[in-house]
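Shown next, in structure tokens, is the structure this report addresses.
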Amino acid sequence: METILTYRGKTVTVEDVAFIRSLMADHPGESRRKLSRRLCRAWGWVQQNGELRDQVCRSLMLDLERAGHIVLPPKKFTPHNPLAVRKSPEPCVIDQTPINRPLSRLPKLDVRQVRRGPLEGLFNSFIEQHHYLGYSQPVGEHLKYLVLAHERPIACFTWSSAPRHIGSRDRFIGWTAGQRRGNLRLLAYNSRFLILPWVSVPHLASHLLSKMTRRISSDWYRVYGHPLYFLETFVDTERFRGTCYLAANWIRLGLTTGRGKCEHTMKPNRSIKAVWGYPLHKRFREKLCRESLPQ
């Protein structure tokens, strides 16, 4: 069967395009959204939680239209997209009295998952104000954590869906392209880690990383219905050495190419990052290299 394109792990053939054309012809007057949901059901294209992959399917159909393979019905309306007009988080004013003491003298730390909770706005503000990358809304599966000491915020973590292609990581795991597509959801990416600038506590960063590795998989399971077997992060080699990850027993896997998503250019367009990984299960390779249908 001749392949037309591959999108998010789905290979679309000439026969698939003929089926989509037939589906649209059988349901004239239906909106793009209804057609994409019909197509998801026909293909059994669902997320891990059982929801249809409606938005991904619509993007696929748009790609097919742009390439001239199908003609979609006219848009009936453009829904409001809050991500397109998302405002930067508002600055917050809190106690910034320096915290400068040994780790052993800190009060018991409270690590709270704050996504969709009353503290999420505060978390977003901290990242926007104090992280060198600023705040950007995570996409896909993600969790946000705020660390407090005696109700005073001291650190923030964001864990997100893992990038699809990381050469050093993929070689370390040893999975095939098909296994990666099917099991990538079993990885999480530490996309933001911030210790607030008025906090100076030796060994705090590695201590918090260790606390996170002990709980992140169970938290992910409660929210998304599946565990995690591997964590990863990128460390900007022009700014940091990754000492806290090393101290928390993470493994330095290699370097990024610096090309980001512009793979077709084959030229670096951003700083080189060190790739660090942390297995959450002693048989992580066995878990991640199982054959699995793409979700």
Give the range 150-168 a look and list any residue that's closer than 15 Å to residue 276 by Cα and more than 15 Å from the chain's Cα centre (by Cα), or say none.
-> 167, 168
Looking at the range 223-245, which of its residues are at negative phi, assigned to a loop (DSSP other than H, G, I, E, B) and touching a residue at least 12 places away in the same chain (Cβ under 8 Å)?
-> 226, 227, 228, 229, 237, 238, 239
Mind telling me which of the residues 169, 164, 241 ends up being modelled with pLDDT of 95 or more and of a type in the set (Lys, Arg)?
-> 169
When you look at residue 215, is it modelled with pLDDT under 95 and touching a strand residue (DSSP E or B) at 6+ places or on another chain (Cβ under 8 Å), yes or no?
-> no
Scanning for something out of contact with any Lys or Arg (no Cβ under 8 Å at 6 or more places or on another chain), among the charged types (D, E, K, R) and touching a residue at least 40 places away in the same chain (Cβ under 8 Å), does the range 131-148 turn up at least one residue?
-> no
Those residues of the range 1-44 which are modelled with pLDDT of 85 or more, open to solvent by less than 50 Å² (accessible area, probe 1.4 Å), in contact with a Leu (Cβ under 7 Å, 6 or more places away or on another chain) and within 25 Å of residue 225 (Cβ to Cβ), in sequence order | 39, 40
Scan the range 211-231 for residues that are touching a helix residue (DSSP H, G or I) at 6+ places or on another chain (Cβ under 9 Å) and under 17 Å from residue 249 (Cα atoms) and report the count.
-> 3
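The values are calculated or read from the model by the stated rules, or taken from the named source; none is laboratory data. This structure is a prediction, so every number in the text was calculated from the model and none was measured. A quick note on method: Cβ atoms are made from the backbone with ideal geometry, for glycine too, and the neighbour counts reach across all protein chains shown. Protein only, heavy atoms only, side chains kept; ligands, DNA and RNA dropped before computing areas. Shrake-Rupley method; radii C 1.70, N 1.55, O 1.52, S 1.80 Å.
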